[in-house]
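See below for the structure under consideration.
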Amino acid sequence: MQPPTLPAPDDADVRFALRAHTEDDVDAVVDLCQDPLMAERTRVPQPYTREHADQFVRGTAERWADGSELVLAIEAEDAGAAGALRYAGNIALRPHEGGAVEAGYALSPWARGRGLMSDALRTALRWSFDELDAHVAHWQAHVDNWPSRRVAWACGFRVEGTVRLEGVQRGV
């Protein structure tokens, strides 16, 4: 399966597209994953290096090919660069048995707070329901990850409960 290119819907708050990762994304992935909030709220290695980003970007094609994880780059309008599109983050869809898909997402600091992630996640989920025959989507995050929770709520997810001691993060 090849990654699609998915444009933003007409009513999106910010112009964006979802697409396959390219080698040109590596430096921006490093910047995203070196953000202190990413270190605090996700399982990305710390310190995060260019080698990590290169492995991640190269690995996205392999994971698409075997269907284990479908990761799309978010390319979004940068208001500070005359409306040009640039790498802003990613959305991962992990198919599970029985028509379920687990969603994970990350957004660069410069792109946050504009409704971009909610619009991009809704677009990716719509695609997963239409093209992957997903019937249900799941999401999880660390308990204190309120920005991720706000995106999930905006996309219709419900918080069903807290799973204690589930999120091992760098051995803790």
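Some values worked out for this structure:
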read-out	value
Average Cα contact separation per residue, region 101-150, under 8 Å, 6 or more apart, as relative contact order %	51 percent
Among (1) 0.99; (2) 1.12; (3) 1.35, the entry derived from the coordinates for Cα Rg over 2.2 N^0.38 Å	(1)
Rounded if a/c under 1.5, otherwise prolate or oblate - region 1-72, Cα gyration tensor axes	oblate
Per-residue [θ]222 nm for the chain (sum of -39500 (n - 2.57) over DSSP H runs n ≥ 4, rounded to 500)	-10000 deg cm²/dmol
Sequence of Arg149, Arg114 when ordered by accessible area, the most exposed leading, probe 1.4 angstrom	Arg114, Arg149
Protein-only accessible surface order, largest first, of Ser68, Ser108 at 1.4 Å	Ser68, Ser108
Accessible heavy-atom area order of Thr123, Thr49, highest first, probe of 1.4 Å	Thr49, Thr123
Heavy atoms of Arg86 accessible to a 1.4 Å probe, total area in Å² rounded to 10	100 Å²
Local electrostatic count at Ala92 - Lys and Arg +1, Asp and Glu -1, tallied over other residues with Cβ under 13 Å	+1
The chain, dipole about Cα centre (Lys/Arg Cβ +1, Asp/Glu Cβ -1), debye to the nearest 20	540 debye
DSSP beta bridges in region 54-157 [antiparallel fraction, %, rounded to 5]	80 percent
Residue-level accessible surface for Val143, protein heavy atoms, 1.4 Å, Å²	90 Å²
Relative contact order (%) - the chain, alpha-carbon pairs under 8 angstrom, separation at least six	22 percent
Relative contact order, percent, region 22-87 [alpha-carbon distance under 8 Å, six or more residues apart]	25 percent
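The values are calculated or read from the model by the stated rules, or taken from the named source; none is laboratory data. Just so it is clear, the structure is predicted and the values come from calculations on it, not from any experiment. Note that each Cβ is placed from the backbone with ideal geometry, even for glycine, and that neighbours are counted across all protein chains shown. Heads up: the accessible areas ignore ligands, DNA and RNA and are worked out on the full protein's heavy atoms, side chains in. Shrake-Rupley method; radii C 1.70, N 1.55, O 1.52, S 1.80 Å.
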